[in-house]
Amino acid sequence: MPRPTKTRFDTLALHAGQRPDPLTGARATPIYQTASYVFDDSEHAASLFNMERPGHAYSRLSNPTNAVLEERIAALEGGVGGIATASGQAALHLAIATLMGAGAHIVSSNAIYGGSHNILQYTLPRFGIDTTFVSPRDIDAIRAAIRPETRLIFGEVVGNPGGDIMNVPLVAELAHEHGLPLLIDSTFTTPYLFQPFVHGADIIMHSATKFLCGHGTVIGGLLADHGRFDWKASGRFDTLSAPYDGFHGMRFDEESTQAAFLLRARREGLRDFGACMSPTTAFHILQGMETLSLRMRRHVENTRAVVEFLQKSDAVEGISYAELESHPDFSLAQKLLPRGAGAVFCFTLRGGREAGRAFAEGLEVFSHLANVGDAKSLVIHPASTTHYRMSDDDLRAAGINQGTIRLSIGLEDIDDILEDLSRGIHLSKKARA
Amino acid sequence: MTPAKTSAKTQEPAAPYIYTANHAPEDSRDSVVFVHGAAMEHSVWSHQSRYFAYHGYNALAPDLPGHGRSGGRPFEDIGELADWLCGLLAGARGRGFHLVGHSMGALAALETAARFKHDRAPLCSLTLVGFSYPMAVSDALFDAARERPTEAYAMMTQWSHASQLGGEPVPGFWSPGMQFSMMSGSHDGALLADLRACHAYAGGEDAFARVSCPVLFLCGRRDRMAPAKLAAAHAAKNDNAEIVFLEKCGHSIMSESPHGVLRELKRHIGNNAAAKN
Ligand SMILES: Cc1ncc(COP(=O)(O)O)c(C=O)c1O
């Protein structure tokens, strides 16, 4: 696949978007912890605000530290640019709010992060945006769900909690046949494991809180744009093709054919909704991204060892990891995710809720909490925590049951991880007895 | 302005698309005409054209035939392209014209300046950005453009940037990604036609002899696509020419050094505005 730069992934992860600071020579990306920027004169100020020339005016709109991160994610994903947001949730909201308004409709995979499900299912309908949820495996269902007012198809590469793999190339083709963009939440895979643009996606979002930052230190989100979707030809995206009163009648797709989405997301979405990233957060995420491929390799290596270990345990009823031949998406995962199906997966313990609770509470190396993608191993037992108030039927509808455990495998010594899991399994058996 | 439609019978381009930053051109203003390069379109000038439209000029950045939003087929000959641009100037408002061209667009701007007939409004200045003459195209690039265009877009994007690592002063954008995406969105066959036009152009010496307005050569010091020394040789021969080098820049100079390019355009065009002539 021809690429716009000869520079390879690991080098881009360390360097893209940053040159040593010209004033101080600082090698690391400086944290420009400033709200605003002094203008040369009034004319300079006016031209910055009017997009006549590039530059920084106010950190809600742009910031030099964030700009390095935005450029870096664009380089790693192979896009035209990026936008840093306050959280992954803010990134999803910004993408949607940039593309559509009341009356619009989204087709979404049903195997997505719970927070994404919340905004689509419960919150956006209040603002006139409805979503139809379909299985990411069922291309016919996706097609059937598309309506004249549909504006977006959304999904995750590796879904939650069953590890369902979305056939991104196929869904992208379908989306494009209908003049629709495909937005992929690439949080679990990162550009190291999967590059959605290469497979036809149009926009990518990340919860950078997870593997990109990699150390569980900050909350942040990112959007990246491939710059190929023809908003004008689609005819469905007035926000990008029609004159916008909020910016002197600008037609964003005329201003920049490739970057219309990012321009409007910044010039309207960041300006008005204001969910920008703090530059200190951007620094932490940049720091994490420097070692992305080293960490992801180790995350995957440890995960494979854990899966192998759990497979041998008589306390385990089933494992949803797409690298297992028993997984319905095994062959798709082999094709799309040759470097690994990630480091987050669910498995089911025998013995139901009590066994699950005892397991999660008994681990020591694993931290019992609601997050994934930390350098440290994490565990959660949904039936006794996040999904505690749900009935058995509702749990089943969410694809889990009383004994389901979600693990996010970290970078610890694999022997310590396995010893910890042995301890947990022992405790789960005792709780069962 | 109106998007173009191609008349299938004649293959003559209908009205081209021209970016004007939402300003209807006026007779009382100087008009700056921005001519894009091979497999590009108007928005390659977005860090410069919009500024002029808001600072007392008419800014006109056309999508050349067979490019961007303009229909028709791309010209394979710089002379034909120059005639087309002369036609555009003849129909355009403005009390004087300033031609600014990049790469293939610079060859076209040069030839247009040479062919331009002053009737209504004079040609006040010419700016050649990322210019070289001759503009020879390697067999490898021709082959790629013919057989594997995506590879050709990638090669040109790589050669066009002085640094492969980015860090350009345009917040939120990755310049190589922008160029690659722009080229990837170009019309089928546009790059090949454009490269043929560049390669075949042999009118440079004659054209320089016929250009009477002041010429600015704006060069990226590290331009590998259009080596600055080729521009320098022409600048040295031309009394009316000035050459400016932008350091650490390659061929994608408008995004690698948006401020430097804007500064030099403001100076050169401002110094040569019709009102001053
Ligand atoms: C796949 C996925 N997408 C989005 C989000 C939301 O990101 P954030 O928590 O940064 O808002 C998360 C968070 O858990 C996630 O796992």
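Matching residues to (1) touching a Gly at 6+ places or on another chain (Cβ under 8 Å); (2) open to solvent by less than 10 Å² (accessible area, probe 1.4 Å); (3) within 16 Å of the ligand (Cβ to nearest atom); (4) among the acidic types (D, E):
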site	(1), (2), (3), (4)
A:Q334	no, no, no, no
A:G340	no, yes, no, no
A:K376	yes, no, yes, no
A:S391	no, no, no, no
A:A397	no, no, no, no
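Comparison of A:H44, A:H117, A:H105 shows that the only residue that is within 15 Å of the ligand (Cβ to nearest atom) and out of contact with any helix residue (DSSP H, G or I) (no Cβ under 6 Å at 6 or more places or on another chain) is A:H117. Would you point out the residue of the range B:137-196, among those that are more than 7 Å from chain A (Cβ to nearest Cβ) and closer than 27 Å to A:H56 by Cα, that is modelled with the lowest pLDDT? Checked the range B:137-196; the qualifying residue modelled with the lowest pLDDT is B:E168. Taking (1) surrounded by 22 or more Cβ atoms within 10 Å (Cβ to Cβ); (2) assigned to a helix (DSSP H, G or I); (3) aromatic (F, W, Y) in turn, B:Y133 satisfies each apart from (2).
Assigned to a helix (DSSP H, G or I) and either farther than 21 Å from A:T291 by Cβ or in the same structural domain as A:G163 (by TED's automatic domain parsing) (or both): does that describe A:A333?
yes
If you go through the range A:16-52 and pick out every residue that is at the interface with another protein chain (Cβ under 8 Å from one of its Cβ atoms), without any contact (Cβ under 8 Å) to a residue 12 or more places away in the chain and crowded, with 19+ Cβ neighbours inside 10 Å, you end up with 2. Picking from residues in the range A:217-233 that are open to solvent by less than 20 Å² (accessible area, probe 1.4 Å) and closer than 16 Å to A:I203 by Cα, the one that is farthest from the other protein chains (Cβ to nearest Cβ) is A:G221.
Every listed requirement among (1) within 18 Å of B:F173 (Cα to Cα); (2) within 8 Å of chain B (Cβ to nearest Cβ); (3) open to solvent by 20 Å² or more (accessible area, probe 1.4 Å); (4) touching a Lys or Arg at 6+ places or on another chain (Cβ under 9 Å) is met by A:R60 save one, (2). Every residue in the range B:52-68 that is farther than 16 Å from B:A106 by Cα, more than 9 Å from chain A (Cβ to nearest Cβ) and among the aliphatic types (A, V, I, L, M), please. Matches in the range B:52-68: B:A59 only.
Please list, ordered by first then second residue, the pairs with beta carbon atoms under 8 Å, 6 or more apart or interchain, first in the range A:195-206 and away from chain B (no Cβ under 13 Å) and small (G, A, S), second within 15 Å of the ligand (Cβ to nearest atom) and not in a helix (DSSP H, G or I). Every condition considered, the pairs that remain are A:A201/A:L183; A:A201/A:I184.
The values are calculated or read from the model by the stated rules, or taken from the named source; none is laboratory data. Since this is a predicted model, take the numbers as computed values, not measurements. FYI the Cβ positions are ideal-geometry reconstructions off the backbone, even for glycines, and counts take in every protein chain you see. With ligands, DNA and RNA removed, areas are computed over all heavy atoms of the protein, side chains included. Shrake-Rupley method; radii C 1.70, N 1.55, O 1.52, S 1.80 Å.
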